[in-house]
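Take a look at the structure below.
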Amino acid sequence: MTVQEEQARSARSYKLLLIFGMISIVMLFAGLTSAMVVSKSRPDWLTDYQIPQAFTISTVLILLCSVTFHMAQRAIKQDQRSKTSLFLGLTLVLGLGFVYYQFKGFEELFAHRLFPTGKSGSVTIAFLYILVYVHLAHLLGGIISLLLIIYNHFKQKYSAAQYLGIELGAIYWHFLDALWLYLFLFLYFFK
């Protein structure tokens with residue numbers, strides 16, 4: 001077996017593992033959103049709250065992350081190392097901005113006295129918190145992998161011939177973006 005065949009086989013294995021991981025994440029969120037649909041029939045279900053404006057801003061930021069990660073992937077395929085560095089850095093900044101505005105969204109909920117637990121707590125808001133925090137946990141994994149990608153990029157482990165790490169990171173990041181878009185639209189329209 002040649003080195004190229006071995007690299008192609010290894011790449012397929014890594015992509016398959018990533019796909020299995022993403023399928024399990026989809027199943028987790030399908031279960032959570034299904035539970036939310038079933039719980040809507042509860043008499044204490046809130047229908048008059050507004051999704052925090054900060055969640056809209058964070059949605060724009062995470063969608064921009066997909067664009068910058070895609071641009072990083074295109075740049076490394078053309079061996080444009082400085083552009084790759086720029087776009088990976090922008091992806092990291094935008095990703096951290098997403099996290100910041102998620103927490104600003106929680107502050108907006110607190111300001112409107114919407115809590116997930118306690119005397120003034122609501123099951124509706126508890127579901128919202130669970131969905132956002134579980135997504136943030138997966139995004140933390142994405143940020144850690146992005147930091148590793150940036151580290152490996154500066155160690156010159158990626159090139160036009162070998163960019164599997166960036167490709168896998170981009171796939172996962174696009175997945176997280178699509179997942180957040182689904183959750184945001186679900187939360188926005190499902191009341």
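The values are calculated or read from the model by the stated rules, or taken from the named source; none is laboratory data. Only a predicted model underlies this, so the values are computations on that prediction, with no experimental measurement involved. Note that we place each Cβ from the backbone using ideal geometry, even for glycine, and neighbour counts take in every protein chain shown. Only protein heavy atoms, including side chains, enter the accessible area calculation; ligands, DNA and RNA are left aside. Shrake-Rupley method; radii C 1.70, N 1.55, O 1.52, S 1.80 Å.
The convex hull built on the alpha-carbon positions of the chain has an orientation-averaged projected area of 11.6 nm².
Order SER85, SER120 by their accessible area, 1.4 angstrom probe, all chains in place, largest first. Each step should come with its number before you reach the end.
Numbers: SER85 35, SER120 60 Å².
Per-residue accessible area, sorted high to low, gives SER120, SER85.
Look at the dipole of region 23-164 built from charges on Cβ: of LEU146, THR91, LEU164, the Cα furthest out on the positive end belongs to LEU164. Among the chymotrypsin sites (Phe, Trp or Tyr not before Pro) found in region 28-133, those both in a DSSP coil and sparsely packed, with 16 or fewer other Cβ atoms within 10 Å of their Cβ, are TRP45, TYR49.
Each label was represented as a point 7 Å from its Cα along the Cα-to-Cβ direction; for ALA111 and MET1 these points are 5.7 nm apart. Protein heavy-atom accessible surface, 1.4 Å probe, per residue over the chain: 55 Å². Computed from backbone phi, the HN-Hα couplings of region 84-98 come to 4, 4, 4, 6, 5, x, 4, 4, 4, 4, 5, x, 5, x, 4 Hz, rounded to whole numbers (Karplus: 6.51 cos²θ - 1.76 cosθ + 1.60, θ = phi - 60°; Gly and Pro given as x). With R₀ fixed at 45 Å, the C-beta to C-beta distance from LYS155 to VAL99 puts the FRET efficiency at about 0.95. For a straight C-alpha distance cut-off of 21 angstrom, the lysines reachable from LYS157 (same-chain residues fewer than eight places away being disregarded) are LYS15, LYS77, LYS83. Taking θ as phi - 60° and the Karplus parameters 6.51, -1.76 and 1.60, the scalar couplings of region 180-191 work out to 5, 4, 4, 5, 4, 5, 4, 5, 6, 9, 9, 10 Hz in sequence order, x denoting glycine and proline. Take the Cα of PHE20, step 7 Å toward its Cβ, do the same at LEU46, and the gap between the two points is 4.0 nm. The orientation-averaged projected area of the convex hull spanned by the Cα atoms of region 116-162 comes to 4.5 nm². In the chain, the DSSP-assigned H stretches of four residues or longer account for a calculated mean residue ellipticity at 222 nm of -28500 deg cm²/dmol, using -39500 (n - 2.57) per stretch and the full residue count as denominator.
Scalar couplings 3J(HN,Hα) for region 66-78, obtained by applying the Karplus form with A = 6.51, B = -1.76, C = 1.60 to θ = phi - 60°, are 4, 5, 5, 5, 4, 5, 5, 5, 5, 5, 5, 5, 9 Hz; x denotes Gly and Pro.
From the C-alpha coordinates alone, can you work out the Kirkwood hydrodynamic radius of region 84-127, in Å?
12.2 Å
For region 40-191, which whole percent of the accessible surface, found with a 1.4 angstrom probe, sits on carbon and sulfur atoms? Ligands and nucleic acids excluded, carbon and sulfur reach 66 percent. Under the convention that each Lys and Arg Cβ holds +1 and each Asp and Glu Cβ holds -1, the size of the dipole of the chain around its Cα centre is about 140 debye.
Could you work out the per residue convex hull volume over the alpha carbons of region 1-109, in cubic angstrom? Present the calculation step by step, with values, prior to reporting the outcome.
Numbers: hull volume 12.6 nm³, N = 109.
Value for region 1-109: 116 Å³ per residue.
Under 22 Å of direct C-alpha separation, and excluding same-chain neighbours fewer than eight residues apart, LYS191 reaches these lysines: LYS40, LYS104, LYS119.
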